[in-house]
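Inspection log for the structure reproduced underneath, given as structure tokens.
The values are calculated or read from the model by the stated rules, or taken from the named source; none is laboratory data. Quick caveat: nothing in here was measured; it's all calculated off a predicted structure. Here Cβ is always computed from backbone atoms with ideal geometry, including for glycine, and neighbour counts include all displayed protein chains.
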């Protein structure tokens with residue numbers, strides 16, 4: 001989990017959206033409103049001979065801005081008035097429409113921001129009611145983002161993936177990719193509640209610190225006793241703590257990279273196969289099929305070969321495992337390009 005500045009919206013759910021941010025929209029409209037004020041001021045300045053100031057002085061640029069501001073906001077103090085026919089015509093044809101557009105911008109922006117916020121809250125409530133068997137990723141750094149991308153390649157819909165990170169930029173990146181994003185501490189029960197961890201199918205724990213990973217694993221397991229927890233660790237001495245904390249699978253990130261480097265050095269061809277196996281959706285890939293009963297064998301994919309049978313936590317060769325048993329998980333090698 002990346003470190004970053006804390007936000008006032010910690011723990012708030014951010015559903016993926018295609019539109020631009022509300023702040024950008026408000027800023028654009030404020031800029032347009034200011035342009036209208038300047039537009040009116042220029043009209044008055046160019047036609048200043050047709051306007052009279054109650055002080056009797058000649059109207060300057062500051063006077064024009066003052067007149068424009070009190071005009072478009074409908075304050076209208078009346079200390080600067082149009083006296084010539086040309087100035088009155090400009091007021092009718094140009095300044096009055098500008099005043100109306102200005103009011104529409106102010107009122108419309110306010111209403112839209114309030115409506116947008118209400119719509120977002122409604123969408124979040126609806127998401128909470130229907131979210132079940134989703135995937136939660138704690139820590140959306142490079143590792144968490146890669147895990148999310150792999151889930152998508154394996155057929156998981158982006159809106160069924162929830163990313164949690166303390167860093168606002170990581171949360172924004174997750175939302176831009178179409179994931180549900182939450183900014184907050186992954187070890188905080190309230191934040192995990194926002195991510196609906198209790199209803200999650202699986203939780204991937206990928207912070208950048210092992211102590212955070214251990215605490216997050218303990219907290220997640222306390223909240224959800226059935227979720228499949230996959231945790232990544234960097235130090236060998238901490239891996240057993242992740243297992244004791246309730247992680248079903250523990251990935252030794254440092255050792256995995258080291259082994260890949262060793263294979264690439266001695267067996268360059270083999271590392272290419274491993275890369276393909278790790279890249280879901282193309283070429284060779286490993287898939288897992290659960291065996292319900294011996295009489296109801298799972299359907300093997302076309303061009304697939306049985307590689308291993310996982311039984312009671314042990315990995316058995318197909319010839320040693322014999323007939324499938326209830327609860328077995330069959331690991332098969334599938335060639336998608338064949």
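Overview of values
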quantity	calculated
Any hit, the range 162-169, residues being in contact with a helix residue (DSSP H, G or I) (Cβ under 6 Å, 6 or more places away or on another chain) and in a helix (DSSP H, G or I)	no
Residue match in the range 224-232 (condition: closer than 24 Å to residue 142 by Cβ, loosely packed, with under 15 Cβ neighbours inside 10 Å and modelled with pLDDT under 90)	no
Flag for residue 250 being under 25 Å from residue 318 (Cα atoms) and in the same structural domain as residue 167 (by TED's automatic domain parsing)	yes
Residue in the range 235-244 that is outside the structural domain of residue 312 (by TED's automatic domain parsing), assigned to a loop (DSSP other than H, G, I, E, B) and modelled with pLDDT of 90 or more present	no
Check on residue 164, within 17 Å of the chain's Cα centre (by Cα) and buried (at least 18 other Cβ atoms within 10 Å of the Cβ)	yes
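Conditions (1) under 25 Å from residue 252 (Cβ atoms); (2) without any contact (Cβ under 8 Å) to a residue 60 or more places away in the chain; (3) assigned by TED's automatic domain parsing to the domain that holds residue 138, marked per residue:
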site: 190; (1), (2), (3): no, no, yes
site: 198; (1), (2), (3): no, yes, yes
site: 206; (1), (2), (3): yes, no, yes
site: 211; (1), (2), (3): yes, yes, yes
site: 215; (1), (2), (3): yes, yes, yes
site: 218; (1), (2), (3): yes, yes, yes
site: 224; (1), (2), (3): yes, yes, yes
